[in-house]
Structures are given as C-alpha cells and as structure tokens.
Amino acid sequence: MEKEAAHILSNEHVQLKKLRQIVKKSIEEENLIMENLANPPSEILNIGQRISDRIARFGGSWTFIISFLILLVTWIIVNFALPEADRFDPYPFILMNLVLSCIAALQAPIIMMSQNRQEEKDRKQNVNDYMVNLKSELQIKALHQKVDLLLEEQIKVLYESQAKQLELLQTLIDKIDKKQ
C-alpha cells in the first residue's frame, strides 16, 4: 500500500511539474505582448503635424462652416451695399472665387496629412488589437494543454487503478479456487 501511495504521489508530482512548465512557457510567450500593450510607443508630433491636426479639426467643425458662411454673406452684402465705385469685388465676385479656390487648395492637402496620421494611429490600434487576440489565443492554448495533461493523467491513474483492481480480483479468484 505504501508503494502505491508513493507511486500516486510521484505521479501527481510529475503532473504538477508539467503544469508548471506549461504555465511558465505561456507566461514567457505573453511577456512581449504585455510589454507592448502596457507601454505603447508615445507619439511625437512635429510642428507641421500639430498644425495640420488643428486645421483639420477646425476645418471639419460647425464653427468653421458657420463663420465661413457669415464671412461669405458679409462679403456679398458689402459688395452690393457699397457704391459701385467703392466695391472691392463687384459681381461676379472674382476675388471671392479666387480666395475660395486658394483656401480649398491649401485646406485639402492639410486635411489629407491629418487623415494619413489618423490612419497610422488606426493601424497601430489594429496591431494592439491583434496582440490582445494573440494573447488570448496563447492563454486558450495553455488552458487546452493543461486540460489535456489533466485528462491524460486521470486516464493513466484510472488504468493503473483498474489494473490494480484486476490484480486484486485475480488474487481473490486464486484464493477462492485454492479453497475449493
């Protein structure tokens, strides 16, 4: 009986050792992922990038739209209200069209620069999402390994117990046969 108990304890020790190895391996695999997630690289913006972000933020706001509409309506009213000799941009408002074209020509590439930077941020976020998914996958894989190991050990113990029971049963049958 002591041999059997020692054997069972030995098997449990081996099983715990394997479980520790699986846990250690999964922790090592996750360290890099956790480091990237915990300490994302900080973004350093140069002056041009900060300006393009501010212009894009302002150019896509209701404040810009309303103030620009007020400016255009004021421009038109002033050019109609002034005497014909004092008008700085008479109808068909060629100067206003020139100013609008210049604003559009400058604003579009600035907004594109800001959108490109936002796209880069989105790419980095996607990489972080991938890392989180990878970490989850590694944890699930480690759990599967642990469950497989536990099942393997349980089946092994079950077979050993069954073999012992058969051995004891055979011993009992032999004793019964000897008595008859």
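Would you mind getting me the FRET efficiency between Ile94 and Ile51? Use the beta-carbon distance for r and R0 = 41 Å, nearest 0.05. Could you put the intermediate results ahead of the total?
Numbers: r = 30 Å, r/R0 = 0.72.
After rounding, the FRET efficiency stands at 0.90.
Among the listed pairs Lys156/Lys179; Lys141/Lys164; Lys18/Lys135; Lys17/Lys146, which are separated by more than 23 Å between their Cα atoms? Show your work: numbers first, answer last.
Details: Lys156/Lys179 35 Å; Lys141/Lys164 34 Å; Lys18/Lys135 21 Å; Lys17/Lys146 11 Å.
Check vs 23 Å cut-off fails for Lys156/Lys179; Lys141/Lys164.
What angle, in degrees between 0 and 90 and rounded to the nearest 10, separates the Cα long axis of helix 94-179 from the longest principal axis of the Cα atoms of the chain? Here the helix axis deviates by roughly 10 degrees. Calculate log10 I(q)/I(0) of the chain for q = 0.12 Å⁻¹, where I(q) comes from the Debye formula with a single equal point scatterer on each Cα and nothing for solvent. Evaluating at q = 0.12 Å⁻¹ gives log10 I(q)/I(0) of -0.85. Between helix 62-81 and the chain there is an angle of about 10 degrees, using the helix long axis and the longest principal axis of the Cα atoms. The value of relative contact order for region 2-179, using C-alpha pairs under 8 Å at least six residues apart, is 40 percent. The angle between the Cα long axis of helix 47-59 and the longest principal axis of the Cα atoms of the chain comes to about 70 degrees, rounded to the nearest 10. Computed per residue of the chain from DSSP H runs no shorter than four, each worth -39500 (n - 2.57), the mean residue ellipticity at 222 nm is -32000 deg cm²/dmol.
Computed from the coordinates by the stated procedures, all read-outs in this text should not be read as laboratory data. Just so it is clear, the model here is predicted, and its values are computed rather than measured. Please note: Cβ atoms are built from the backbone with ideal geometry, for glycine as well, and neighbour counts cover all protein chains shown.
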